[in-house]
Amino acid sequence: MLLTDGGVYDNMADQWLDGLAARVRANAELEVKTRAVDEMIVVNSSAGPEWIPVPASWLPIRNELSTLLRVKDVQYAVSTSSRRHQLVTGWKTAASSGRGVGGALVHITQSPFEVPDAFASATGQWTQRAIRAREALAWLGDSEQNRAAWAEVAQQNRTVPTVLRKLGPESTARLLWHAYILAACNLHVILDEFPLPSRQPTMDQFLDLIGPT
């Protein structure tokens, strides 16, 4: 398993894998020895900007700066959205043909119900995914109450800002809980080697893991 972390340019850390074999050949001191990967799990914890009007100010320079920051946010959102689409399309092609690098996406804006819902009624080449999708729905507890609850969790987490200070125990536990459940469902449905956990953890368990702060 090779773990990579993103930065300003390659936020999802997926482009680092492009040209990996050449970098390994050219850098004998590089600790990474594998020349290729056969499967990718990409985690995107950036939700992108919400589409709200830029607040007006009596100070002209403040309006200019607010607009400039919004333009920057939109450019970032467009680039990552396009990249996610390319990745998912490529993984789908690889799964269909049996050739190339496969993978799955874990995206903070998603409810854990989203991917299982997308495949639960699938047929043909996605029949096995449909079976696993229905298993994931049963594991989640497919009720209107649970769907609404997870939709609310996803909405709360998408608004958590990226900061260099403590988020607080509740926000941290909610993010970890959401990420765990979302990854469990998405990877189980998309990739056949990830069984669902025997038990579904609660947010209180993640609060206990964090401990007092």
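The values are calculated or read from the model by the stated rules, or taken from the named source; none is laboratory data. Please read these numbers as outputs of a predicted model, since none were measured by experiment. Please note: Cβ atoms are built from the backbone with ideal geometry, for glycine as well, and neighbour counts cover all protein chains shown. The protein model used for the area step is the full one, side chains on, heavy atoms only, and it has no ligands, DNA or RNA in it. Shrake-Rupley method; radii C 1.70, N 1.55, O 1.52, S 1.80 Å.
For Val37 and Leu65, compute 0.36 nm times the residue count separating them, minus their Cα-Cα distance, and round to one decimal in nm.
Difference between extended and current length: 5.9 nm.
Sorted from largest to smallest, which semi-axis lengths in Å does the alpha carbon gyration tensor of the stretch 98-168 give for its equivalent ellipsoid, taking the root of 5 times each eigenvalue? Before the final figure, lay out each step's value.
Details: eigenvalues 159, 70, 12 Å².
That gives 28, 19, 8 Å for the three semi-axes.
Residues of the chain: accessible area per residue at 1.4 Å, in Å²? Write down the numbers at each step before the final one.
Values: 13750 Å² over 213 residues.
Per-residue value: 65 Å².
For the chain, what are the DSSP H helices with axial Cα length of 18 Å or more and mean Kyte-Doolittle hydropathy of at least 0.0? Present the calculation step by step, with values, prior to reporting the outcome.
Working: long enough: 60-97 (56 Å, -0.43); 127-140 (20 Å, -0.20); 144-158 (21 Å, -1.53); 169-190 (31 Å, 0.68).
Length and hydropathy pass: 169-190.
Can you tell me how the stretch 120-207 classifies by the Cα gyration tensor, rounded, prolate or oblate, using a/c under 1.5 as the rounded cut? Don't jump to the answer; show the numbers that get you there.
Details: a/c = 2.18, a/b = 2.07, b/c = 1.05.
The shape class here is prolate.
At most 16 other C-beta atoms within 10 Å and a DSSP loop state: those are the exposed chymotrypsin sites (Phe, Trp or Tyr not before Pro) I care about. Give me the longest piece of the chain that has none. Write out the running numbers ahead of the final one.
Numbers: sites that count: Tyr9, Trp51, Trp58.
After excluding every exposed loop site, the longest remaining stretch is 59-213.
From the convex hull of the Cα coordinates of the stretch 54-213, what is the mean projected area in square nanometres? Let's see the in-between values first.
Working: hull surface 50.8 nm².
Computed as one quarter of the Cα hull surface, the answer is 12.7 nm².
Which trypsin sites (Lys or Arg not before Pro) in the stretch 138-169 sit in a loop by DSSP (not H, G, I, E or B) and have at most 12 other Cβ atoms within 10 Å of their own Cβ?
Details: sites: Arg147, Arg158, Arg165, Lys166; in loops: Arg165, Lys166.
Answer by residue number: Arg165, Lys166.
Among Val101, Leu175, His188, whose Cα sits farthest toward the positive end of the charge dipole of the stretch 56-213 (+1 at Cβ of Lys/Arg, -1 at Cβ of Asp/Glu, about the Cα centre)?
Checked the options; the winner is Val101.
Given the rule -39500 (n - 2.57) for each run of at least 4 DSSP H residues, summed and divided by the residues of the chain, what is its mean residue ellipticity at 222 nm, to the nearest 500 deg cm²/dmol? Spell out each step's value before the answer.
Working: 7 runs with 110 residues, N = 213.
Estimated from H runs of four or more residues: -17000 deg cm²/dmol.
Placing +1 on the Cβ of each Lys and Arg and -1 on the Cβ of each Asp and Glu in the stretch 1-48, which of Asn44, Ala13, Ala26 has its Cα farthest towards the positive end of the resulting dipole?
The one lying farthest along the dipole's positive direction is Ala26.
What is the magnitude of the charge dipole of the chain about its Cα centre, with +1 placed on the Cβ of each Lys and Arg, -1 on the Cβ of each Asp and Glu, and no other charges, expressed in debye to the nearest 20? Mind showing how you got there, number by number?
Working: 20 positive and 22 negative charges, 85 e Å.
Its charge dipole is roughly 400 debye.
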